[in-house]
Amino acid sequence: MEQQEAYDENLTKGLVVETRNEAGVLHQLTGVIARAGGNITWVAILDSQKPIETVFFEIGGVESLDTIIEQLIELPAVVRVAEERTLKRVFGKRLIIIGGGAQVGQVAVGAVSEADRHNLRGERISVDTIPLVGEKQIAEAVRAVARLPRARALVLAGALMGGEIEKAVREVREKGLIVICLNMAGSVSDAADLVVSDPIQAGVMAVMAIADTASFDVRRLTKRVF
């Protein structure tokens with residue numbers, strides 16, 4: 001599992017393994033990595049319904065992947081092994097925007113514009129959106145954000161949110177996720193880190209909150225509503 005605070009992109013390396021879809025293959029792969037002293041910080045299995053599947057690892061604790069690659073390629077089930085850039089280096093931190101389509105779109109306008117400014121200065125911030133309606137559906141999505149790799153902040157964009165969504169917001173904030181919401185009816189505004197009336201500004205402030213190239217700390221603000 002990715003450790004958000006301890007993650008060091010300079011020490012973490014990406015590894016792509018193409019392997020036959022057979023029982024016990026993942027156990028073999030992780031065994032090789034562990035015996036070589038590698039610490040798996042994140043793993044994803046791609047194309048799992050195909051005869052040849054792709055497994056992507058992010059590995060820390062080793063200066064080079066050469067030994068691991070040599071040992072992996074000797075496994076009968078392994079077809080190809082290659083070192084790749086980590087997803088953090090390519091796509092960076094993720095900002096997730098959830099809510100009504102019109103509000104989500106406006107928040108995204110501000111977020112993408114601000115992310116572009118920081119990415120030109122060497123940052124890597126990507127923006128993901130999903131328009132959703134319904135208390136249960138949004139609450140499920142909010143809780144799922146805490147399980148997304150590299151997700152650092154969430155913006156809730158809508159006109160009315162509360163109940164189970166508020167509970168979900170408090171849960172993900174305890175896990176370190178920054179939550180910003182639009183100024184809306186319902187109890188979510190009481191649970192969020194920051195409440196912003198203008199959706200474009202909400203997107204801008206969300207990016208600033210997670211950018212290393214910005215001097216902005218949500219948790220140091222004396223004012224929560226803007």
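Read-outs: derived from the displayed coordinates by stated rules, not from any lab. Nothing here was measured: the structure is a model prediction, and the numbers come from that model. Note that we place each Cβ from the backbone using ideal geometry, even for glycine, and neighbour counts take in every protein chain shown.
If every alpha-carbon in segment 91-220 counts as one equal scatterer, what log10 I(q)/I(0) does Debye give at q = 0.11, 0.14, 0.18 1/Å?
Debye output, listed in q order: -0.31, -0.51, -0.86.
Please report, to one decimal in angstroms, the Kirkwood hydrodynamic radius of segment 13-86 built from all distinct Cα-Cα pairs.
By the Kirkwood definition, the hydrodynamic radius is 12.0 Å.
By how many nm would the segment from residue 148 to residue 219 lengthen if fully extended, with 0.36 nm per residue of separation less the alpha-carbon distance?
23.4 nm is the gain from fully extending residue 148 to residue 219.
Give me 45, 33 ranked fewest to most by other Cβ atoms within 10 Å of their Cβ, as a rough exposure proxy.
45, 33
Which pairs in the list 13/167; 13/175; 93/136; 50/175; 88/175 are over 29 Å apart, alpha-carbon to alpha-carbon?
13/167; 50/175
Determine, from the Cβ-Cβ distance of residue 174 and residue 52 and an R0 of 41 Å, the FRET efficiency 1/(1 + (r/R0)^6), rounded to the nearest 0.05.
0.50
To the nearest whole percent, what portion of all C-alpha pairs in the chain is separated by more than 31 angstrom?
33
About its Cα centre, what dipole magnitude does segment 91-220 give when the only charges are +1 on Lys and Arg Cβ and -1 on Asp and Glu Cβ, stated in debye to the nearest 20?
In debye, rounded to 20, segment 91-220 gives about 420.
Give the range of the longest stretch in the chain that excludes all trypsin sites (Lys or Arg not before Pro) found in loop regions by DSSP and having at most 16 other beta-carbon atoms within 10 Å.
Answer - 1-84.
For the chain, give me the percentage of DSSP beta bridges that are antiparallel, rounded to the nearest 5 percent.
50
If you place +1 on the Cβ of every Lys and Arg and -1 on the Cβ of every Asp and Glu, how big does the dipole about the Cα centre of the chain come out, in debye to the nearest 20?
Here the chain has a charge dipole of around 520 debye.
Taking a virtual spin label 7 Å from the Cα of residue 133 along the C-beta vector, which residues in segment 162-197 bring their backbone nitrogen under 17 Å of it?
162, 185
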